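To start, the structure itself, in structure tokens.
The values are calculated or read from the model by the stated rules, or taken from the named source; none is laboratory data. Since this is a predicted model, take the numbers as computed values, not measurements. Virtual Cβ from ideal backbone geometry, glycine too; neighbours counted across all protein chains shown. Just so you know, the surface numbers come from the protein's heavy atoms only, side chains and all, with ligands and any DNA or RNA stripped out. Shrake-Rupley method; radii C 1.70, N 1.55, O 1.52, S 1.80 Å.
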Amino acid sequence: MARKLPGWVVDEATSIVEEMAPFVGRTPEELWRDTEDCAKDAMWAVRASGMAERVLAQEDPLPESTLRALARLRKQAA
């Protein structure tokens with residue numbers, strides 16, 4: 001038997017529009033402050049985890065396409 005969804009449930013497109021509404025029309029400076037706030041919160045969480053050194057030591061490997069581009073640029077610069 002299908003249940004009726006609560007009235008607050010909306011489709012995905014509406015959900016995204018509603019979620020992004022506070023950011024529409026903001027200046028790059030305002031958005032940058034939000035970005036800085038997110039970064040500060042992330043660093044707080046890293047430090048509070050007790051594993052800051054381990055977390056900050058993590059590095060994602062560069063994709064092959066980037067390694068090829070770097071090699072090409074280095075060759076051109078030589």
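For this structure, a couple of remarks:
- Relative counts (whole %) of C-alpha pair distances in the chain, using bins that are 5 Å wide: 3, 10, 9, 9, 9, 11, 17, 14, 8, 5, 2, 1, 1, 0, 0
- Per residue accessible area in Å² of the chain, where ligands, DNA and RNA are left out and the probe is 1.4 Å: 97
- At most 11 other Cβ within 10 Å, DSSP loop - GluC sites (Glu not before Pro), the chain: E59
- Remark: the R47-A78 segment gains 7.0 nm on full extension, using 0.36 nm per residue and subtracting the alpha carbon distance.
- Looking at the chain, the chymotrypsin sites (Phe, Trp or Tyr not before Pro) that sit in a DSSP loop and have at most 12 other Cβ atoms within 10 Å of their own Cβ are W8.
- Of the trypsin sites (Lys or Arg not before Pro) in region 1-45, those whose Cβ has at most 13 other Cβ within 10 Å and which sit in DSSP loop: R3, K4, R26
- Between V17, V55, V46, the residue with the greatest mean-square fluctuation in the GNM of the chain (Cα pairs under 10 Å linked by springs) is V17.
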